[in-house]
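Before any comments, here is the structure.
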Amino acid sequence: PVILESDQVKLLIGEYSPKDNGEVELRPCTILFALHETEDDPAQRRKKAVVLQAPQGATLRFDRPFDLGRGRIGKLAGGQLHGQITIRGEGEPNDPTDDLLIVTQDVQLTQEHVWTPHAVEFRWGPHFGHGRDMHIRLLPDEDRGRLRGGMGGLNIGGLESFELVHVERLHLEMPNDEAPSSDPNAPTTLPVEIHCEGPFLFNAVLQTQASEQLNAEP
């Protein structure tokens, strides 16, 4: 595949068809986000990367015509990922508690916003759920979001928030702090089902979860 790479983002594409308006058709399309700032080892950062896969391809829009042969690649302005979309990440090695998997379809994106009105299935470690109308907010990175060689940029610095406007199910496995240490068979987690009458929002910057109205049922 053709590989376009910045410090934190790698874009892998197979066939591509540029257009005069700055858009380019890619098929297939894979984007890797290596956003673990605290990890100094490049190999470990790649292992912990979040991978976005669009096997049916994507239409991306740049701020100037896309000409890979001459090294003319503008800054990514937005686009659409077609068909089924998979977003996954493995987190810590040999530890599934922070593995990420999101499956949806027809995702729209800009440098600050990734969204789809369609159904979303997601799992993060032992937690899982489904709903629709997903919004992922991204943090900008002006300094590091440039492609190597001085070409255009993928100005993405990290994850700001994850929101589901319509939640159908959210299942969490919470630590069982009341489990007696003398009982090795006592469960270490307690299942919690969350029902939201409003949207569910996880703020990755503040590490908070919020909803207009939240009811938890153990």
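The values are calculated or read from the model by the stated rules, or taken from the named source; none is laboratory data. The structure displayed is predicted, hence computed values, not measured ones. Cβ atoms come from the backbone with ideal geometry, glycine included; neighbour counts cover every protein chain shown.
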Could you please find all residues in region 87-120 being out of contact with any helix residue (DSSP H, G or I) (no Cβ under 8 Å at 6 or more places or on another chain), of a type in the set (D, E) and at pLDDT below 95?
D95, D98, D99, E112
Screening L170, L154, L190 for residues that are at pLDDT 70 or above and either in a loop (DSSP other than H, G, I, E, B) or in contact with a Cys (Cβ under 9 Å, 6 or more places away or on another chain) (or both) leaves only L170
